[in-house]
Amino acid sequence: MADILSQNEVDTLLKALAAGDLSAEEVKVEETKKVKPYDFTRPSKFSKEQIRTIEMVHENFARGVSNYFSARLRSFVDITKASTDQITYNEFIRSISSPSFLFVFTAEELNGNVVIEINLKVIFSIIDKLLGGGGGLYQKIRPLTEIENSLMRNEIIRILSILKDSWSSIYSFTPNLVSIENNPQFVQVVPANEMVVVVTLDMKIGEIEGFMNVCWPSSLLEMIAPKLYAESYFKQEKQIKPGQLREDIISLLNNAKLDLRVVIGKTIINLSELLNLEVGDVIMLQRHIDEPASLYVNGREKFLCSLGTHKGFNAVRITEVLNKEIDENGG
């Protein structure tokens, strides 16, 4: 329906026509129908609600990977969702520069393979920090060596574990790494014209910035499409058992590594005696040979033990548990 002009607008228009400031041809407005183009060669496989659910999953995934690398690299790592696109697999592969860093994973519960691509600038920054460097910009972009691929393999396993946890509220699967590639042309997991959903994450590690692309083939997502709705997502979130969080925390604590040290004895000497020590000198300890040694856990004395051997290795046998609940303040 055409817009209705007010009386003032009509008067202004007539005055412009009378003065010759406006011609009759300019007044004519050609009404055209607004048509939304639709490309039948690139149909949208998933609805906006399903795409939004996928985005929520990957937002949790981004937070998990960000927290992991922040602790792992001891540096500020920020990962956020940048975009979600439905394109053909051929377009996705052509958008990736060579060389790059890609890895493919699958799962028994999934019908196909998934591709994840990470910008090489980010990869070199991660490797540099893992090896004790500053993680600055690497000037020469090249394929990773076998040693670098082996180093990143451990990080990939952790990334896939976080991805598994992010999807667990919708669809549970156990990812298995298939391969690591540097040339995108060698990664042909689906036909070139198949539609895929590509979730792009923006990664910032210090001053280094790059992208992580997670490519989900439509044939794989179609099997779980009925669950890709917000109602299903939040319903699964509410079904978490009250004690499950406690069990998860206990499980993580049980796998935590502790520093164990056995102290046979202690003594005090002055600096001059220390400097004059030679091979064969005997140092008297403040503990008799038949007294038990102390076993320290993360710097705290927790057990008494006796010394011995086991299967050819030096070993200790715990003889007493010390219940010391004294902190640094004496409480």
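Condition check: crowded, with 21+ Cβ neighbours inside 10 Å and in a helix (DSSP H, G or I). Does ALA62 satisfy that? It is true that ALA62 is crowded, with 21+ Cβ neighbours inside 10 Å and in a helix (DSSP H, G or I). Looking across LYS129, LYS121, LYS164, LYS140, one residue alone is closer than 22 Å to LEU201 by Cα, without any contact (Cβ under 8 Å) to a residue 12 or more places away in the chain and open to solvent by 10 Å² or more (accessible area, probe 1.4 Å). It is LYS164. Condition first: farther than 13 Å from VAL262 by Cβ, open to solvent by 100 Å² or more (accessible area, probe 1.4 Å) and not acidic (Asp, Glu). Now tell me which residues in segment 273-312 satisfy that. Selection gives LEU275, ASN276, VAL279, VAL282, MET284, GLN286, HIS288, ILE289, ARG300, THR309, HIS310, LYS311.
For segment 201-226, a tally of residues being open to solvent by less than 20 Å² (accessible area, probe 1.4 Å) and either assigned to a strand (DSSP E or B) or aromatic (Phe, Trp, Tyr) (or both) returns 10. In segment 229-239 there is at least one residue that is assigned to a loop (DSSP other than H, G, I, E, B), touching an Asp or Glu at 6+ places or on another chain (Cβ under 8 Å) and at pLDDT below 90.
Which one is surrounded by the fewest Cβ atoms within 10 Å (Cβ to Cβ) among residues in segment 143-161 that are farther than 13 Å from ILE126 by Cβ and either under 11 Å from the mean Cα position of the chain (by Cα) or aliphatic (A, V, I, L, M) (or both)? Break it down into steps so the answer makes sense when it comes.
Going through segment 143-161, the residues farther than 13 Å from ILE126 by Cβ turn out to be 143, 145-147, 150, 157, 160-161.
If we keep only those that are either under 11 Å from the mean Cα position of the chain (by Cα) or aliphatic (A, V, I, L, M) (or both) too, we end up with 147, 157, 160-161.
Working: ILE147: 9, ILE157: 13, LEU160: 19, SER161: 14.
Among those residues, the one meeting the criterion is ILE147.
Would you call THR80 assigned to a strand (DSSP E or B), open to solvent by 50 Å² or more (accessible area, probe 1.4 Å), out of contact with any His (no Cβ under 9 Å at 6 or more places or on another chain) and polar (S, T, N, Q)? Taking the combined requirement at face value, the residue satisfies it. Pairs linking a residue in segment 276-292 that is among the aliphatic types (A, V, I, L, M) to a residue that is surrounded by fewer than 10 Cβ atoms within 10 Å (Cβ to Cβ), with Cβ atoms under 7 Å and 6 or more positions apart or on different chains, are ILE283/THR267; MET284/THR267; LEU285/LYS266; LEU285/THR267. When LEU307 is tested against (1) touching a residue at least 40 places away in the same chain (Cβ under 8 Å); (2) touching a Lys or Arg at 6+ places or on another chain (Cβ under 7 Å), only condition (2) is not met. If you go through segment 86-130 and keep only what is out of contact with any Leu (no Cβ under 8 Å at 6 or more places or on another chain) and in a loop (DSSP other than H, G, I, E, B), you end up with SER95, SER97, SER98, ALA107, GLU108, GLU109, ASN119. If the Cβ limit is 8 Å and pairs must be 6+ apart or interchain, which residue in segment 84-104 that is under 14 Å from VAL114 (Cα atoms) pairs with which residue that is open to solvent by 10 Å² or more (accessible area, probe 1.4 Å) and hydroxyl-bearing (Ser, Thr, Tyr)? What qualifies is PHE103/SER179; VAL104/SER179.
Could you please give the count of residues in segment 178-200 that are assigned to a strand (DSSP E or B) and closer than 19 Å to LEU120 by Cβ? First the steps, then the outcome.
First pass over segment 178-200, keeping only residues assigned to a strand (DSSP E or B): 178-181, 195-200.
Next cut, closer than 19 Å to LEU120 by Cβ only: 179-181, 198, 200.
Number satisfying all stated conditions: 5.
Evaluating ALA71 against the criteria (1) in contact (Cβ under 8 Å) with a residue 40 or more places away in the chain; (2) farther than 24 Å from SER179 by Cα; (3) not charged (D, E, K, R) leaves one unmet condition, (1).
Among all positions in segment 172-195, there is at least one residue which is open to solvent by less than 40 Å² (accessible area, probe 1.4 Å) and of a type in the set (Gly, Ala, Ser).
Going by the structure shown, is LEU245 modelled with pLDDT under 80, loosely packed, with under 11 Cβ neighbours inside 10 Å and of a type in the set (A, V, I, L, M)? It would help to see each step written out before you state the result.
Working: modelled with pLDDT under 80: yes; loosely packed, with under 11 Cβ neighbours inside 10 Å: yes; of a type in the set (A, V, I, L, M): yes.
Spelling it out, LEU245 is indeed modelled with pLDDT under 80, loosely packed, with under 11 Cβ neighbours inside 10 Å and of a type in the set (A, V, I, L, M).
The values are calculated or read from the model by the stated rules, or taken from the named source; none is laboratory data. It should be emphasised that the depicted structure is a prediction, and the values quoted were computed from it without experimental measurement. Neighbour counts run over all protein chains shown; Cβ positions are idealised from the backbone, glycine included. Accessible surface is based on the protein model in full, side chains and every heavy atom, while ligands, DNA and RNA are left aside. Shrake-Rupley method; radii C 1.70, N 1.55, O 1.52, S 1.80 Å.
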